[in-house]
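Read-outs: derived from the displayed coordinates by stated rules, not from any lab. Only a predicted model underlies this, so the values are computations on that prediction, with no experimental measurement involved. In this analysis, Cβ positions are derived from the backbone assuming ideal geometry, glycine residues included, and neighbour counts consider all displayed protein chains.
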Amino acid sequence: MTKLYLLVATVALAQDPFTETVLPSLKRDCQGCHGAALALSGLDLRTRESLLKGGKRGAAVVPGKASESLLLRMIEGVDGLQMPPGGEKQKLSPAVRHAFREWIDAGAPWKAEGPAKWTYAEADLWAFQPLRRFASPMTIDGFIDAKLRERGMAPASKADRRTLIQRVTVDLTGLRATHEEVKAFVADQSPQAWEKLVDRLLASPRYGERWGRHWLDVARYADSGGYSNDFERPNAWRYRDYVIRSFNADKPYDRFVREQIAGDELYPGDAEALIATGFLRGGPWEHTAMSVEAVTRQMFLDDVTHATASTFLGLTLGCARCHDHKFDPLPTRDYYRMQAVFASTEFARPALPFLPSELVQGREAEKKALAATHAKALARMADYRKLAVQNLLKKHGVAREEDLPKGELAQAMNTGAGLEPLQFEEYKLFQKHAQIYKESLDRFAPKAFAVSSGPRDGETDGGPALRYAARAKYVPAGVRILPGGNVQSPAEAVTPGVLSAPEIVGGYRAVDIPETVEGRRSALANWIAHPENPLTARVMVNRVWQYHFGQGLAGDASNFGKMGKKPTHPELLDWLARSFIERGWSVKQLHRQILLSRAYQRGPAPVDAALVAKQDPDNLLLSYFSPRRLEAEALRDNILAAAGELSFDAGGPGTFPQISEDVASQPRHRMGSLAPPYHPSALRRERNRRSVYLFQQRSLIDPFIDVFNGPSLDLACERRVASTVPTQSFTLFNGQFAHDAALALAARAAKESPDGIRRTFELAYARDPEASELTEARNLYARSLAWHRQHPAPKPPPRKPLIHRITSELTGESFSFQQEESESAYEANLHPSEVTPEVRALSDVALALLNANEFSYVY
Amino acid sequence: MRFATPSRRDLLFGGGMGLGSIALSSMLAAEEGPLTPKAQQIPAKAKHCIFLLMEGGPSHIDTFDPKPKLAQLHMTRFQKERNKFEANMNTGERYYVRSPFEFRRAGKLGVEINSLLEGFAGCVDDVCFYRGLKAESVNHPTALYHLNTGTQFGGDPAVGAWVSYGLGTENQNLPSFLVLPDVAYPQGGQANWSNGFLPAHYQGTPLRSQGTPILDMAPPPGVTPERQKMTLEFLSGLNRRHQAQHPGHADLAARLQSYELAFRMQAEMPGIVDLEKESPETLALYGIGEANADADSLGRRCLLARRLVQKGVRFVQVIAMGWDSHDYIDKAHGSRLRAIDKPISGLLTDLKRTGLLDETLVVWAGEFGRSPDNGIRQGSTAWGRDHNANAMSVWLAGGGAPRGAVVGATDEVGGSAVEVVHPLRDFHVTLLRLLGLDDGKLRYFHAGRDKQLSQVGGEVIRELVA
């Protein structure tokens, strides 16, 4: 039987004629002439007040009296004058006109008033209910096996040891076990072998890199701001390292949540907690001279509201931005109440000395090279400035710069007077580059990418200054409900608050949020990271389960509402969440619990494929372990690891991999100019770091990561997809990265063993080759060797200067210029011309091994 | 990951067919894939779309919507209040500025267009101009995202991705959605042709003008087809053995199939991008070989777009940048117009004479229009126009759009659309409608709700459908 809940909330109704029809029509059909840009006849139709006031012809609306209201008479065309103009064709539809009539007759409420009744099925509100209590001790397998028995399905038997060690090693570290590790585990017959393995992997620093990457997906992490300038966020990497450290240190999850939402307020003086607040600024954001401040501020507020709710609470609160949530008990009012929590949150980039664990040492050469590149761009600017000075001196017939009319030179360098348009274009280009390099130099500066309650240091994320009040006079902007999400149509004011549904549905008490500048986020963080919050622990436990099994117990990790998939094992989810809280929110304990279960250790094929295809095609009941493809980063890291090229240098500013030359040299538009060229890091050990440490530029995603379904960086990614598209084949079979790695793998194998072919198999697959494989590999090797003996590899061509062409905005004509070269001495990858024909032939074998399905799938 | 009973495809790939085997394509076509052609939801003429994206915001006032009133108001000064809903750029001391261009009447309707568009003047009877569209953002990247993906935030599927999702594509050897960028990637980068939350099959694939057309389509220098063939044979054996150990694991077969498709693409693409197969007369029609390098480059992309459409590609986006003329609009827009005239008129003429125009919708649009006024930067000759989301000109041709029509109007200075005014989402709904898709039905469930291109629904702009 389905019990129905009734919620009563004073919020706009979804079916309300105003929000559904009247307001959109006012915006679409009327405000073009009677709005922000124009107010023809003195009439402004953007607010209720201005409608009541009306224009030259008098009040537009008489509340309660539609027929007497000029607005309605106009849209009906009853007085011989019709709005919008344009005859019958332009006349608003009868339905729209009817909605206007209804709305005016109802008193023309700008916000819909009066209680609205909401009806939800209990099953759709499961996530808001308190966690179940369990009287007797339970186990994961108890829950899983009971369901299987119910459906008459037999679980697969335990996977073999080789499969198990690969599965768990990739799962916990993102890297495959080596051949030596596999052999040792297969040989270890002690009953504790599995437990020991799990503990060893959980203690590895590679663990935090793997699980930190999962969190960064959800946290929409990037090292740049996106949009037109895509300015670097030079200190954002400290948040990335903080996340990795937190996982490695098994920081209690409730503390991890508090730090990210309100670390600055709750733990003053704690460096980690300040860095953690970088989470709040993670979304794409930009403010330029062409932006509207109210709009860009609202963009931040919308992002942070949505990100906080979806990351920690698994709710699609963003849906309630424009209207009450259509499926979940999330009224628009709640959305803006939670947004008001962040109304006093401002960007900050305070000085914060590096922690001992933050690796910025060893990067001096990189910093020096960057400074030199910056200096060169400044020098190029100075050249043009000199030229402009000469031209202005000539124009004014004076001899010295100081004799020029005051402000003339500054004005000229701003507008281009004094230079030919194309000269000015180049000046602007180097000015843009200098600005970008200057920002990049801050990577090495001990500052935190953070927030503060109230303005602190005028941080603007690279853009022009924002109009802040001085700190002493600062009053947080009031937050109003924005029907339709439109910042220009503010309605009712709201006070900061938490969501109402957990209390109304499940009895988890809402808390008051102070209206002071400080303390708002602390109160929210404490409400979220509370053992009685029904969502927080469930959401995290489910995320962890999803990464282990490929799917969550609840199938949509960031949507625990009606439209998200219902949990397949709701009791198990609750039991795990309880136990997670009881064990001090320890994520590592949670891993252990899951990994030691039989469910995790099952074989990768069903016992009865036909039955499974019929009863449980998506393996939701976990009768076997679902194989999966390596994610983009894991694929890259494992290729480098096999090749012996993976660097375990950890932390510090993001490094730059060697990406496809074609992508690297692709000109990229930056506002008003072109981006500087892409320069890979000079040293191999920097370029070949684990993918989590690579610089994440929103407008230039590493094409290797991108093609294997990497996250977009603009949106949170709750779960990677593994679609298979032909461009992936191009990347792995033709791409330079794969060829370089295959050559390095071959050189390594040849060096490590007299039987290079066998060793290549061991390094790539951590197993001995089968006899038939060995025969085929030797066959390819022989044919390939014959070819390579006849075709010596030519030396790499010298690097050509990078010439870019751009269309001048000033003249509309194209011009070319030479992009800056890197100031670092480049340590090139191994080149075919440097190795023997034998190694080159072996690299053909290696390339095939890296391309084969066995390399990409984990069982 | 699903287990499946072996399909014909598994048997083919498991049964020892070598990679690169062309014979497979017809046998595979019978099986349903993400790009299998699908029926239109509503009967419509257009089967393909060529979207000519003018990046930077072309001025409607100086192209297709002349405003003689501005000649009277020229250099009239006014003060625009700085308020929180205006960008800094658009406030302060402002001057109305006249268009420096001459206009000519073209076509049966005598539509006034910029006189520099000599070739395009001959195509006007096939074109439907629309002057009622409004954008929302005055910032390039957000406005570009809005035009290309329906939202101002990057990360949602592009129009071409939605269309590919709705209709599939006719040629299984080529991507369904191709992008022909200008020399530089636009602001906001590749998110402008993203598949967003739709499966990766629908992502726009940029075709590069230099090097191999698709990234890594050719191996590094020194890797000959002979060497590749040897490696592939070995690879095929590895995969066969692996699959035998994991029977029923459907993804393995899909991955093999994608290698097959990649190599068919590798075989087919060079022939398609080779424009030298076209007659000198056709090349000249598009302005290819002209001294004007920009015309030559855009002409090549327009001709390539026609060739792709001919090969069954569903959606081609051609990008022409450089329209952001805040200063020197006479020079800047003048040179843009000279650069696009032959390529776009060549495209329309060529589509028409090859019979493709009926089934190909051609769209010409920038991310917003430009303002009638300008903050003067450098005396009286340097003026240009700033961004304007309230008015713009776009046009449609072919594929079920009206032939020879002007729809909507802006006010007397071109500051704002006043007739047949519609927001961008209605334009998107209309484009889908012209391609036989219903925005209300073309939905994809993601993150807990049914998503659609228009976000919240919209209406077809009836006047833009013949």
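For B:Val460, what charge total do you get from the other residues with a beta carbon under 12 Å from its beta carbon, if Lys and Arg give +1 and Asp and Glu give -1?
Details: positive: B:Arg425, B:Arg433, B:Arg462; negative: B:Asp426, B:Asp438, B:Asp439, B:Glu459, B:Glu463.
Charge balance in the 12 Å sphere: -2.
Mean partner shielding of peptide B:186-198, defined as the number of other chain Cβ atoms within 10 Å of each residue Cβ, is 5. Amide H contacts of A:Gly55: A:Ala60, each under 5 Å away and 5 or more positions distant or on a separate chain (H built 1.01 Å from N in the peptide plane; Pro and chain starts excluded). What 222 nm value per residue comes from the helices of chain A, counting each DSSP H run with n ≥ 4 as -39,500 (n - 2.57) and dividing by all residues, nearest 500 deg cm²/dmol? Calculated mean residue ellipticity at 222 nm is -13000 deg cm²/dmol.
When a/c reaches 1.5 or more, the comparison of a/b and b/c decides; with that in mind, is chain A rounded, prolate or oblate per its Cα gyration tensor? Oblate shape, in that a/c is at least 1.5 and b/c is the bigger or equal ratio.
Quote the charge dipole size of chain B about the Cα centre in Debye, to the nearest 20; the model charges only the Cβ of Lys and Arg (+1) and of Asp and Glu (-1).
With only Lys, Arg, Asp and Glu charged at Cβ, the dipole is about 600 debye.
A simple charge model with +1 on the Cβ of Lys and Arg, -1 on the Cβ of Asp and Glu and nothing else charged puts the dipole of chain A at about 300 debye relative to its Cα centre. In this structure, the amide hydrogen of A:Gly497, modeled 1.01 Å from its nitrogen in the peptide plane, lies closer than 5 angstrom to those of A:Met338, A:Ala340, A:Val341, counting only residues at least 5 positions away or on a different chain.
If packing is taken as the average number of other Cβ atoms within 10 Å across a peptide's residues, how do A:277-290, B:431-444 rank, most packed first? Write out the running numbers ahead of the final one.
Working: A:277-290: 23.9, B:431-444: 21.1.
In decreasing order of mean packing, A:277-290, B:431-444 become A:277-290, B:431-444.
The aspartates and glutamates within cross-link reach of A:Lys562, meaning a Cα-to-Cα straight distance under 19 Å and a gap of 8 or more places when in the same chain, are A:Glu122, A:Asp124, A:Asp324, A:Asp328, A:Asp334, A:Glu503, A:Glu571, A:Asp574, A:Glu718, B:Asp450.
Going by average Cβ density within 10 Å per residue, which order do the peptides A:183-189, A:313-319, A:159-165 take, highest to lowest? Don't skip to the end; give the middle numbers.
Details: A:183-189: 13.7, A:313-319: 24.4, A:159-165: 19.3.
Ranked by mean Cβ neighbours within 10 Å, highest first: A:313-319, A:159-165, A:183-189.
So, counting K/R as plus one and D/E as minus one, what does the shell of residues with Cβ under 12 Å around A:Pro234 add up to?
Details: positive: A:Arg233, A:Arg238, A:Arg349, A:Lys367, A:Lys438, A:Arg443, A:Lys447; negative: A:Asp223, A:Glu232, A:Glu439, A:Asp442, A:Glu459, A:Asp461.
That sum, taken over residues with Cβ under 12 Å, equals +1.
Listed by number, the DSSP H helices of chain A that run 27 Å or longer by alpha-carbon position along their axis and have mean Kyte hydropathy of at least -1.0 are A:293-313, A:364-396, A:421-441, A:771-790.
Beta-bridge orientation, the protein assembly as shown: approximately 65 percent antiparallel, per DSSP, counting only bridges with both partners inside. Per residue of peptide B:134-147, the mean number of Cβ atoms on other chains within 10 Å of the residue Cβ is 4. Here's the picture: charge each Lys and Arg Cβ at +1 and each Asp and Glu Cβ at -1 in the protein assembly as shown, and of A:Val721, B:Ala295, A:Gly519 the one pushed furthest to the positive end of that dipole is A:Gly519. Take each residue in A:27-37, count the other chain C-beta atoms within 10 Å of its C-beta, and the mean is 5. Residue pairs exceeding 18 angstrom between C-alpha atoms, taken from A:Lys795/B:Lys229; A:Lys91/B:Lys45; A:Lys196/A:Lys588; A:Lys432/B:Lys331; B:Lys311/B:Lys342: A:Lys795/B:Lys229; A:Lys91/B:Lys45; A:Lys432/B:Lys331; B:Lys311/B:Lys342.
List the residues whose amide H sits under 5 Å from the amide H of B:Val407, counting only those 5 or more places along or on another chain, with H placed 1.01 Å from N in the peptide plane. It is B:Phe129, B:Tyr130, B:Arg131, by chain and number.
Neighbour counting of Cβ atoms within 10 Å sorts the residues B:Arg255, B:Arg370, A:Arg255, fewest neighbours leading, into A:Arg255, B:Arg255, B:Arg370.
Residue ranges A:38-49, A:637-648 sort as A:637-648, A:38-49 when ordered by packing (mean number of other C-beta atoms within 10 Å per residue, highest first). Inter-label distance, A:Ser93 to A:Lys565: 3.7 nm, where each label sits 7 Å from its Cα along the C-beta direction.
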